[in-house]
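Working notes, beginning with the structure itself.
The values are calculated or read from the model by the stated rules, or taken from the named source; none is laboratory data. Quick caveat: nothing in here was measured; it's all calculated off a predicted structure. All Cβ positions, glycine included, derive from the backbone under ideal geometry; neighbour counts span all protein chains shown. SASA here: full protein model, heavy atoms, side chains in, ligands and nucleic acids out. Shrake-Rupley method; radii C 1.70, N 1.55, O 1.52, S 1.80 Å.
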Amino acid sequence: MENKIVFGKREAISCLLIFMCNQLFLSFPRNMADSVGNAGWILILYVSIICLILFLIISKLYKNFEGKDILDIGEFLGGNIGRILVGMIFVIDYVFIIAVILREYGEDLKIISLIQSPISFVLAFFAIGMVIGAYFGLEPLLRLGTISVPVIFLGFLIVLVGSIKYINVSNILPILGTGPTDIFIKGPSRISIFSGLSSLFLLTPFLGGHQNFKKSGIFGIVLSSLILTSGTLVYSLVLPYPTTTSSFLPIYQLSRLISYGRFFQRIESIFVLVWSMIALIYLSAGLFFSAYIYKKTFKLEYHRPLILPFGILVFTISLLPRSLMETIFIDNIIIRKYAWTVTFGLTLILLILASIKKRIKEGSLKNEK
């Protein structure tokens, strides 16, 4: 990426929606049911508020470093060592998450359509598409994302609206699910739901100013929260607890229920289309960011030669889990509980320390004058 490339708020918001909402098309509603029963939608709203507060703090601190991404801030704070340390943490984070999500998409496609195919064969299709998409670069991916997001949202809306006649309001009871302790005391760790926000910290130099950064983050969080909440709420209203903890691909299961007359059936075909679009854009963008971060970390001249090796690495790691259930366990117990340490924890620490260092420098310059 070159600094002459500038994206608007629409592209940045579309990127955030894809990074944060893709999980809805996997096992996310079921994971929420596992955590807090029928109160998954309340948990999402709760962590959304926490996420928004943390982002506003991050945005305020970022104002002092306009035009710098998270690696630049690491370099400002600790020189080459700081940049390399921060870069490698983000590379490992992205590669690990992308590999797990790739495996989930592959396993899901195998169960839906390719039952007899070996998982490596199914994953290879996604991996090839992911490498090709990443090779085209970030600008085409973001432009494609901007065009695709309305289509994806329309498909998702069709599934939600079509599920209305199957809603049973009593399924939402008890309102607080497994209890307020699970929601309000244990719940904050679920802020990792919004770990995709880290992509915004890499796009900062290309957003044309701090206001675009701030508005993109706020709109991205709010819209993602509404989409994730509505999907989880409708799922909880249609299926009773504890059935919600055992359904495979929750949104897909909702789409299979929909049937309006002779000519409006098999709505799951819309789901598969939407699901495939968001999968390829998400995986391609994630692979691109992995290669780009590594390139910038070690100040290499080009990122494209890194895409294929990183694609092979992601593909290899995705084969390590022994089954879909083990993959879901890794996603739900490890990623969705601890990914916040990189996105929010590391970012806040870097920004606070960098702000202190900047003030000390500015103070020293004033004293010299």
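Summary of packing: across the peptides 16-26, 172-182, the per-residue average of other C-beta atoms within 10 Å ranks them, highest first, as 16-26, 172-182.
Amide H to amide H distances under 5 Å link Gly179 with no residue, where only residues 5 or more positions off or on other chains count and H is placed in the peptide plane.
Computed from the coordinates I sent, Kirkwood radius over Cα pairs in Å equals one of (i) 20.6; (ii) 21.3; (iii) 22.4. Tell me the label. The value computed from this structure is option (ii).
Pairs of Cα atoms nearer than 8 Å and 6+ residues apart set the relative contact order; for the chain it is 39 percent. In this structure the stretch 2-358 gives 42 Å² per residue of accessible area when probed at 1.4 Å with all protein chains present.
Bridging of Lys165 to aspartates and glutamates at a Cα separation below 19 Å is possible for Glu268, once same-chain residues fewer than 8 apart are set aside.
Over 18 Å between Cα atoms, which of Lys214/Lys357; Lys68/Lys299; Lys60/Lys186; Lys186/Lys337; Lys60/Lys357 qualify?
Long pairs (Cα-Cα over 18 Å): Lys214/Lys357; Lys60/Lys186.
Angle of helix 210-238 to the longest C-alpha principal axis of the chain, folded into 0 to 90 degrees and rounded to 10: 20°. Charged neighbours of Thr178, selected by a Cβ distance under 11 Å, balance to -1 (K, R count +1; D, E count -1). Taken one residue at a time, the phi angles of the stretch 115-123 give Karplus couplings (6.51, -1.76, 1.60, θ = phi - 60°) of 4, 7, 7, x, 4, 4, 5, 5, 5 Hz. Gly and Pro are set to x.
Summary of the geometry: the stretch 155-195 and the stretch 15-78, compared by the centres of their Cα atoms, lie 18 Å apart.
Could you give the angle, 0 to 90 degrees to the nearest 10, between helix 40-62's Cα long axis and the longest principal axis of the Cα atoms of the chain? With rounding to tens, the tilt is 10 degrees.
Compute the helix-to-body angle for 347-368: its Cα long axis versus the longest principal axis of the chain, expressed 0 to 90° and rounded to tens. The angle comes out at about 20 degrees. Taking the protein heavy atoms of the chain in the context of the full set of protein chains, the accessible area attributed to carbon and sulfur is 68 percent at 1.4 Å.
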